[in-house]
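First the structure, in the form of C-alpha cells, and then the observations on it.
The values are calculated or read from the model by the stated rules, or taken from the named source; none is laboratory data. Every value quoted in this text rests on a predicted model; they were computed, and no experiment measured them. Cβ placement follows ideal geometry from the backbone for every residue including glycine, while neighbour counts extend to all protein chains displayed.
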Amino acid sequence: MMGQVSRNQGGAALVVGMIMLVLITLMLVTALNLGTTNFRAMSNMQYRAEAVAAANKAIEQVISTPFTAAPAAEVVNVDIDNDADTDYEVNVAQPQCIYASPAFGADPSSLSLPTSMTASSTWNTVWDLDATAADTAQSGTNVRVRAGVRVLLTNAEKDAVCP
C-alpha cells in the first residue's frame, strides 16, 4: 500500500492563493487612491498659488495707475501663462483710503518732489486694496487678496478722496 497516493488535497493551495491575490489587489488599489489624492492636493495648491499671483498682478496694475484721483472698482483680466487667453478674472474692489496723516519732513523717496508738494502740504495716506481672483477655466479656484499701500497726496487730493 506504499504506492497509493491520496488524491484528496482539499484545495488548501487554492484558498491560500486566492487570499494572497485579494491582499495584493487591495494594496494596489490603496496605493492608487493615495497617489490620486496627493495629485489632487498638489493641483489645488498650484491653482491657489496661480490665483494669488493673478490677484497680486492685478493689484500691482491698479497701484501703477493714478488710482487715487478717482478710486473705482475694476475688473482686470490676467493671462498667467502668456498664451493670449485670459486665465483669471480679478475683481478689484474700490480702493479705500483708511488713514491719512500729515507728512512731516521729506521721505528719502520724496526728495525730488516739486515745491508744491512740500512737507507742509502733503499727506501720507494708507489705502486698502481688495482683489478677488476667479479661474475662467471653471476649476472652482477663487481666492481673495488684500494689500495696503501708502500714497503721498497733496492736501487738495487728500480732501477729495479721504474722509
Are there any pairs with C-beta distances below 8 angstrom linking a residue in the range 60-79 that is without any contact (Cβ under 8 Å) to a residue 24 or more places away in the chain and outside any strand (DSSP E or B) to a residue that is acidic (Asp, Glu) and crowded, with 16+ Cβ neighbours inside 10 Å, with the two at least 6 apart or on different chains, and if so which? Asp79/Asp87
Tell me, please, whether a residue that is free of Cβ contacts under 8 Å to residues at least 40 places away in the same chain, part of a helix (DSSP H, G or I), over 19 Å from Val78 (Cβ atoms) and charged (D, E, K, R) can be found in the range 45-58. no
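Hey, among the residues in the range 107-135 that are of a type in the set (A, V, I, L, M, F, W, C) and assigned to a helix (DSSP H, G or I), which one's modelled with the lowest pLDDT?
First pass over the range 107-135, keeping only residues of a type in the set (A, V, I, L, M, F, W, C): 111, 113, 117, 119, 123, 126-127, 129, 131, 133-134.
This time we only want the ones that are assigned to a helix (DSSP H, G or I), so: 117, 119.
Numbers: Met117: 55, Ala119: 51.
For the range 107-135, the residue satisfying everything is Ala119.
Of everything in the range 83-105, what is farther than 23 Å from Ala69 by Cα and either within 19 Å of the chain's Cα centre (by Cα) or touching a residue at least 40 places away in the same chain (Cβ under 8 Å) (or both)? Give them in sequence order.
Of the range 83-105, the ones farther than 23 Å from Ala69 by Cα are 83-89, 105.
Listed by number, the residues that qualify are Asp85, Thr86, Asp87, Tyr88, Glu89.
Check Leu28, Leu34 and return the single one that is of a type outside the set (Ser, Thr, Tyr), modelled with pLDDT of 90 or more and more than 20 Å from Ala133 (Cβ to Cβ). So that I can check it myself, show each step before the final result.
Numbers: Leu34 fails: modelled with pLDDT of 90 or more.
Just a single option satisfies the conditions, and that option is Leu28.
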Of the numbered conditions (1) surrounded by 11 or more Cβ atoms within 10 Å (Cβ to Cβ); (2) modelled with pLDDT of 90 or more; (3) not polar (S, T, N, Q), Val75 fails exactly one; give the number of that condition. (1)
Which listed residue, of Ala84, Ala49, Ala41, is loosely packed, with under 14 Cβ neighbours inside 10 Å and over 18 Å from Asn142 (Cα atoms): Ala84
